[in-house]
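To start, the structure itself, in structure tokens.
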Amino acid sequence: MKIYTGFGDQGKTALFGGETVRKNHLRVEMYGTLDELNSLIGLLRNKNKDASVEKILKNVQNELFTYGSEIATPDVMKRENFTEQISDHHISALENAIDRFSEELPSLKNFILPGGSEAASYAHLARTVCRRAERMLISLADQIEIRGQLIIYLNRLSDLFFVIARIENLKSGVEDTIWEGIRK
């Protein structure tokens, strides 16, 4: 099977269900950003050395693929028939991971700057791409109906990446960089 079809050469793509839209359609931008985030998580997984972080990241990658398919499907009836969807269960799993990892960390008394170890830097970058996806989703929700779980999931996921960045620094023996404000 050829990987290229030529269909997209005119700047168009097909959504799941057959509807054709321009490649800059907000729905396409949204699932493209989820794909970007998923690829970034792959980089983070390559640098991560912690088994518990690895497990959650692998789960998140699978969940994001499922999430993207829902965004790529404009037909409500088709979406409702999906056997897999992001649910309260997935949100709870993110919250549980955040709580577990947070127990290992020193309490946060200041804002921190992105950076530290290489893995932590990738986690911070994943957090910012996730926040961008969340903003896009809110814009898309202004146009179409979006399930509330999808919004909550991305919000919790970005929080998870923040905590993972701190865990990666802790496990690497690298201190988080405290924001000191503008020096005079």
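Please treat every number below as a calculation from the coordinates, not as lab data. Owing to the predicted nature of the structure, the values given are computational and were not obtained by experimental measurement. As a convention, Cβ positions derive from the backbone with ideal geometry for all residues, glycine included, and neighbour counts pool all protein chains shown.
For Ser92, what charge total do you get from the other residues with a beta carbon under 11 Å from its beta carbon, if Lys and Arg give +1 and Asp and Glu give -1? Neighbour charge sum, excluding Ser92 itself: -2. For a label point 7 angstrom out from the Cα of Val21 toward its Cβ, which stretches of region 70-97 have the backbone nitrogen within less than 11 Å? In region 70-97, the label zone of Val21 (backbone N under 11 Å from the point 7 Å along Cα→Cβ) covers 71-75. Pairs over the 29 Å Cα-Cα cut-off, from the set Lys47/Lys78; Lys12/Lys55; Lys49/Lys109: Lys47/Lys78; Lys12/Lys55.
The stretch between Gln61 and Ser107, if pulled fully straight at 0.36 nm per residue, gains 13.7 nm over its current Cα-Cα span.
Want the number for Lys49 to Ile138: 0.36 nm per residue separation, take away the alpha-carbon distance, what's left?
On the way: separation 89, 0.36 × 89 = 32.04 nm, distance 3.39 nm.
Length gained, Lys49 through Ile138: 28.6 nm.
Report, in deg cm²/dmol and to the nearest 500, the calculated mean residue ellipticity at 222 nm for the chain, where each DSSP H run with n ≥ 4 adds -39500 (n - 2.57) and the sum is divided by the residue count. Before the final figure, lay out the partial values.
On the way: 6 runs with 114 residues, N = 184.
Taking each H run of at least 4 residues, the total per residue is -21000 deg cm²/dmol.
Measuring how big region 7-174 is from its alpha-carbon positions, Rg and Dmax come out at 16.9, 53 Å.
Calculated FRET efficiency, Arg183 to Met77, Cβ-Cβ distance, R0 = 45 Å: about 0.15 to the nearest 0.05.
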